[in-house]
Amino acid sequence: MLVVNGLVKRFGGFTAVNNVSFKVDQGEILGLIGPNGSGKSTIFNMLSGTFPPTAGSIQFEGRELAGLAPHRIINSGIGRTFQIPRPFKRLSIFENAALAGYYGQGSHNRAKAEEAAGRALAMVGLPTDRNALVDGLGAAGLKKLELAKALATGPKLLLADESLGGLDESEMDQAADMLRKIRDELGITIIWVEHIMGVLMRVVDRVMVLDHGEKISEGLPSQVAGDPRVIEVYLGTDAHSTQAAAAEQRR
Ligand SMILES: Nc1ncnc2c1ncn2[C@@H]1O[C@H](COP(=O)(O)OP(=O)(O)O)[C@@H](O)[C@H]1O
Ligand SMILES: [Mg+2]
């Protein structure tokens, strides 16, 4: 479904994503993990057209998308959530989702957009009544609204960015189950970006690991969890913080 080849993003002299290639099969959930700053969101920003790649190709269902504007990409069937939710606060929850449906589906059809919004909100467990306000939503609710907005655009491929940040443990489990349900019941293919490995490993079919903008590992969750390079990247940071904490205590 998606074939990414030699993707590069430079910001001035800094290389945020360095020659990353991967594929996503229709119907799978691919986990994309890596420490903070490893280039995960930058990959999503290129896949969704927020900015063009410095180099590389992005083929979705056989068509080249690299460098296209966001509205062209979303209309071709790639929806995304944002790591930091920024809903329109003066619109209701329903209106936020309907707006995403109106522009995201490319049909500019109000009835279709509202129907999609209702379905998406029901799917993620948010109120479908037209006047419920964004104001009352906590961290978990805002993440659900991000997901509902992306679903309302009618994606074939969903890019979910850090859906667990700011959630407690039971909310994390619910969010993970939600993504699986979206794949199982709606048949939507998913790339799920997360910096915490935990629950993600339970739900994804395959995992790809980034470090400093480079792909360092890829495979089944069980294979990747046992990969020495991955353990070094994840436990390495833990070891540093453990040492730092010990040094702090000695002072
Ligand atoms: N628009 C930008 N301009 C300059 N640097 C950026 C920009 N976006 C991201 N970066 C840098 O690229 C690196 C990767 O960032 P990001 O993809 O957000 O990491 P992740 O999502 O894995 O935490 C970071 O060092 C970040 O500071
Ligand atoms: Mg990120």
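The values are calculated or read from the model by the stated rules, or taken from the named source; none is laboratory data. Remember, it's a predicted structure, so these values are computed and weren't measured experimentally. Every residue, glycine among them, receives a Cβ derived from its backbone with ideal geometry; neighbour counts consider all protein chains shown.
Assorted remarks:
- Evaluated against (1) touching a residue at least 40 places away in the same chain (Cβ under 8 Å); (2) within 15 Å of R10 (Cα to Cα); (3) within 16 Å of ligand 2 (Cβ to nearest atom), T54 falls short on exactly one condition, (3).
- Exactly one residue among A66, A160 is within 14 Å of the chain's Cα centre (by Cα) and among the aliphatic types (A, V, I, L, M), and that residue is A160.
- Taking the stretch 191-206 as the range and being among the β-branched types (V, I, T) and more than 16 Å from ligand 2 (Cβ to nearest atom) as the test, the residues that pass are V199, V203, V204.
- Each residue in the stretch 146-183 was checked for being at pLDDT 95 or above, in a loop (DSSP other than H, G, I, E, B) and within 16 Å of ligand 1 (Cβ to nearest atom), and 0 of them qualify.
- Applying a threshold of 8 Å to beta carbon distances and a minimum spacing of six or more residues, or different chains, the list of pairs starting in the stretch 197-225 at a residue that is over 19 Å from K9 (Cβ atoms) and ending at one that is part of a helix (DSSP H, G or I) and within 16 Å of ligand 1 (Cβ to nearest atom) reads M197/Y234; V207/L200; S217/V230; V224/V230.
- Within the stretch 163-183, tally of residues that are under 19 Å from G118 (Cα atoms) and over 14 Å from the mean Cα position of the chain (by Cα): 1
- When residues of the stretch 1-44 are limited to those that are free of Cβ contacts under 8 Å to residues at least 24 places away in the same chain and within 25 Å of R72 (Cβ to Cβ), the one farthest from ligand 2 (Cβ to nearest atom): K23
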